[in-house]
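Worksheet for the structure shown next.
The values are calculated or read from the model by the stated rules, or taken from the named source; none is laboratory data. Note that the structure is predicted; figures quoted are calculated from it, not measured. Every residue, glycine as well, gets a Cβ built from its backbone with ideal geometry; the counts of neighbours run over all protein chains shown.
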Amino acid sequence: MNDSSERGKFGRYGGQFVPEVLMPALYELETGYLKYREDPNFQRELDTYLSDFAGRPTPLYHAKRLSREYGATIYLKREDLVHGGAHKLNNAIGQALLAKYMGKERIIAETGAGQHGIATAMAAASVGIASEVYMGVTDMKRQQMNVYRMELMGCKVHPVTSGSQTLKDAINEAMRDWVANVETTHYLLGSVVGPHPYPSLVRDLQSVVGREARAQILEKEKRLPDSIIACTGGGSNSIGIFYPFLKDDVKLYAIEAGGSGLRNTKTAALHSASLSTGSEGILHGARTKILQDEYGQILESHSIAPGLDYAGVGPELAYLAETGRIIPANVQDDEALAAFHELSRLEGIIPALESAHALAYLKKAEGELEDLIIVNISGRGDKDLKSVMELQR
Amino acid sequence: MKDVSEAFTDKKALITYICAGDPKIDATEAIVEALIRGGTDLIELGLPFSDPIADGPTIQAATQRALKEGMNPDLFFKLAKKLPGDVPYAVMTYYNLIFHRGIERFVRDCKESGISGIIVPDLPPEEAGELHETSMRYGVHSIHFIAPTTRRERIERITRDASGFIYLVARLGVTGAREDLKEETRSLIERVKTPIPKAVGFGISTPAQVREVIRSGADGAIVGSAIVEIIAKNKDNIRRTCEEVERFTRRLKEGITG
Ligand SMILES: Cc1ncc(COP(=O)(O)O)c(C=O)c1O
């Protein structure tokens with residue numbers, strides 16, 4: 001956490017826009033994190049969890065048939081092979097362990113697709129802390145299996161019936177819980193969003209992805225990649241893989257969900273492209289790029305990929321996009337779906353619909369990308385089979 | 001235009017909250033008049049935001065109703081201008097609506113429509129600099145919060161910058177009616193030592209609770225969800241709402257004076 005001139009700020013983005021009740025908890029979290037990341041016991045325990053529980057390091061896989069298809073050398077960073085099926089556990093296990101070291105009795109989290117909820121349930125069970133997850137009723141219906149998975153691991157899932165009943169409302173509800181139980185509870189936020197220190201904390205925990213990828217590509221190709229492509233909802237898998245390359249001459253593409261088009265109705269966006277089309281505002285504790293109406297009311301968002309379906313984005317990504325260091329782009333639902341099928345057929349890897357957005361950019365940007373490319377496969381697609389099947393009918 | 005500080009001049013204050021535009025845009029004026037007849041000393045007008053993280057189910061529902069009716073900041077200020085000048089007004093809203101309108105413009109709109117206090121539950125002092133400074137320039141109070149979790153050095157810093165009154169959060173949690181008043185509320189009132197009036201809110205819903213916080217040394221009691229519940233119950237009958245709101249406000253006021 002050494003990113004800013006002002007505490008918790010990335011340029012003018014970030015900050016801590018939360019009720020006063022939570023401020024002491026945010027300070028406590030920051031202090032706890034700074035302390036334990038220097039603590040050899042904590043680090044050793046985290047490393048063991050990452051290797052023996054999460055299954056790290058994940059491979060960097062040379063996707064030969066995909067490479068041939070696009071006339072480039074394409075590597076896949078296999079976060080789909082992390083325990084639970086997505087990169088989400090990298091963050092969840094780190095924060096759950098931190099919560100335990102800080103003496104918290106209870107962990108709460110929000111989830112959209114259920115991936116972060118599952119990662120939280122797994123992490124909490126393995127470190128031995130009670131967990132409760134907030135999930136919109138709409139998402140619970142779409143992801144019944146994931147609800148059951150969480151429950152199997154001893155996690156209590158709270159249905160959220162307010163607002164649009166999706167991720168944004170689940171975060172609202174988790175924050176309300178935290179306000180009421182802040183003294184005993186750690187809020188395990190699932191992406192690089194929210195008030196400081198979350199964007200830095202989650203980035204640091206996810207940057208294991210980029211550190212591994214960097215060492216792996218240097219070993220295999222003896223050079224750095226020309227481009228890295230990652231899907232971007234809140235932005236944790238993208239900043240996770242980008243971060244160790246920020247100072248290098250590597251193009252970094254943050255691919256957002258273009259949904260069914262970059263248009264808005266009065267109360268909803270048909271997409272989730274906050275980085276590419278959003279405007280500045282404050283959502284869930286941070287100043288960042290958000291989807292909002294003419295008065296600053298938050299719009300509902302849309303994506304075929306539930307994990308990208310969010311009206312905001314991490315403040316550091318907003319900053320990096322503004323400075324030109326990362327390149328925001330977006331692909332639509334149907335392009336992602338095509339990429340989902342393509343990778344399954346060509347490589348025998350079924351990607352998450354979220355990750356399929358990153359893959360779809362290979363086609364969209366054809367000709368523009370230079371030779372050596374890493375695509376972050378943030379998760380596997382098992383969770384999406386039902387919705388893809390339904391779409392096909 | 002009355003200044004929010006006048007609510008506390010030589011007396012303890014009853015502060016009531018309603019969400020502007022709930023249940024109908026044109027009901028707000030009548031409900032405000034009912035609150036005034038009932039004896040409120042200050043009215044906190046909610047400007048509804050789509051994602052009210054500091055509010056419980058009652059005020060969330062009011063927010064949804066008002067947004068559905070089409071309440072927005074333009075209408076809000078237009079409406080505020082028409083309200084009777086018998087009592088001072090403060091606006092309660094979330095920071096994105098202020099930020100989006102532009103801080104200077106928002107504060108100027110408050111000033112011009114007779115609103116002399118701005119209450120923003122998701123704006124801690126760390127981020128409040130610009131709003132606070134702009135408000136002072138316009139002679140509007142930006143109201144600070146102190147919570148049960150706020151420790152001593154922080155309390156000192158917040159009270160030093162405070163203006164108008166200080167909003168003491170009665171307990172951990174969001175807004176909403178609660179039965180009991182905890183020891184933590186009493187201890188918070190005692191811990192905050194300042195010449196600026198202290199008003200206690202979040203979970204205060206009965207005349208007995210109003211009496212209790214005032215006896216514990218608070219200068220004001222803030223009641224929101226209990227009033228919003230009356231409005232929710234009689235959505236289709238504004239006259240009935242107003243009668244009940246007036247009666248209930250009068251009872252709350254007895255908690256202040258008696
Ligand atoms: C597989 C997968 N990829 C990506 C995301 C998007 O999150 P982020 O942008 O924080 O990586 C999610 C979120 O649930 C996910 O499950």
Give me the helices (runs of 4 or more DSSP H) completely within region A:179-282, filtered to those with at least 2 residues that are of a type in the set (Ser, Thr, Tyr) and within 11 Å of the ligand (Cβ to nearest atom), ordered by residue number. A:236-242
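Here's the yes/no breakdown for (1) among the aromatic types (Phe, Trp, Tyr); (2) within 20 Å of B:ALA80 (Cα to Cα); (3) surrounded by fewer than 22 Cβ atoms within 10 Å (Cβ to Cβ):
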residue	(1), (2), (3)
B:VAL120	no, yes, no
B:GLY129	no, no, yes
B:SER135	no, yes, no
B:TYR138	yes, yes, yes
B:THR149	no, no, yes
B:GLU153	no, no, yes
B:THR159	no, no, yes
B:ALA162	no, no, no
B:LEU168	no, no, no
Every residue from region B:129-156 that is part of a loop (DSSP other than H, G, I, E, B), within 14 Å of chain A (Cβ to nearest Cβ) and small (Gly, Ala, Ser): B:ALA147
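Using the structure shown, decide if A:ASP47 is modelled with pLDDT of 95 or more, among the acidic types (Asp, Glu), part of a helix (DSSP H, G or I) and within 22 Å of A:MET153 (Cβ to Cβ). Before the answer, list the steps.
Working: modelled with pLDDT of 95 or more: yes; among the acidic types (Asp, Glu): yes; part of a helix (DSSP H, G or I): yes; within 22 Å of A:MET153 (Cβ to Cβ): no.
Here the answer is no, as A:ASP47 does not meet what is asked.
Would you mention how many residues in region A:25-62 are within 14 Å of chain B (Cβ to nearest Cβ) and touching a residue at least 24 places away in the same chain (Cβ under 8 Å)?
At the first step, the residues of region A:25-62 found to be within 14 Å of chain B (Cβ to nearest Cβ) are A:25-31.
Now narrow it down to the ones that are touching a residue at least 24 places away in the same chain (Cβ under 8 Å): A:25-26, A:28-30.
Matching residues across region A:25-62 total 5.
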Could you check, for region B:215-236, whether at least one of its residues is modelled with pLDDT under 95, under 19 Å from B:GLU29 (Cβ atoms) and surrounded by 15 or more Cβ atoms within 10 Å (Cβ to Cβ)? yes
Kindly check whether there is at least one residue in region A:293-302 that is touching a helix residue (DSSP H, G or I) at 6+ places or on another chain (Cβ under 8 Å), more than 14 Å from chain B (Cβ to nearest Cβ) and within 14 Å of the ligand (Cβ to nearest atom). no
Give B:ILE18, B:ILE53 a once-over and let me know the one that is closer than 25 Å to B:GLY139 by Cα and either within 16 Å of the chain's Cα centre (by Cα) or surrounded by fewer than 18 Cβ atoms within 10 Å (Cβ to Cβ) (or both). B:ILE18
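Working only within region B:77-100, note down all residues that are assigned to a helix (DSSP H, G or I), away from chain A (no Cβ under 14 Å) and touching a strand residue (DSSP E or B) at 6+ places or on another chain (Cβ under 6 Å).
Restricting attention to region B:77-100, the residues satisfying the condition of being assigned to a helix (DSSP H, G or I) are B:77-82, B:95-100.
Within this subset, residues satisfying the condition of being away from chain A (no Cβ under 14 Å) are B:79-82.
Within region B:77-100, just B:ALA80 meets the criteria.
How many of the residues in region B:106-128 are assigned to a helix (DSSP H, G or I) and either touching a residue at least 12 places away in the same chain (Cβ under 8 Å) or more than 11 Å from every other protein chain (Cβ to nearest Cβ) (or both)?
Result for region B:106-128: 9.
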Return the pair list, or none, for Cβ contacts closer than 6 Å from residues in region A:105-117 that are hydrophobic (A, V, I, L, M, F, W, C) to residues that are part of a helix (DSSP H, G or I) and surrounded by fewer than 24 Cβ atoms within 10 Å (Cβ to Cβ), at least 6 apart or on different chains. A:ILE108/A:ASP177
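Restricting to region A:95-131, what's the tally of residues that are in a loop (DSSP other than H, G, I, E, B) and within 16 Å of the ligand (Cβ to nearest atom)?
So the answer is 3.
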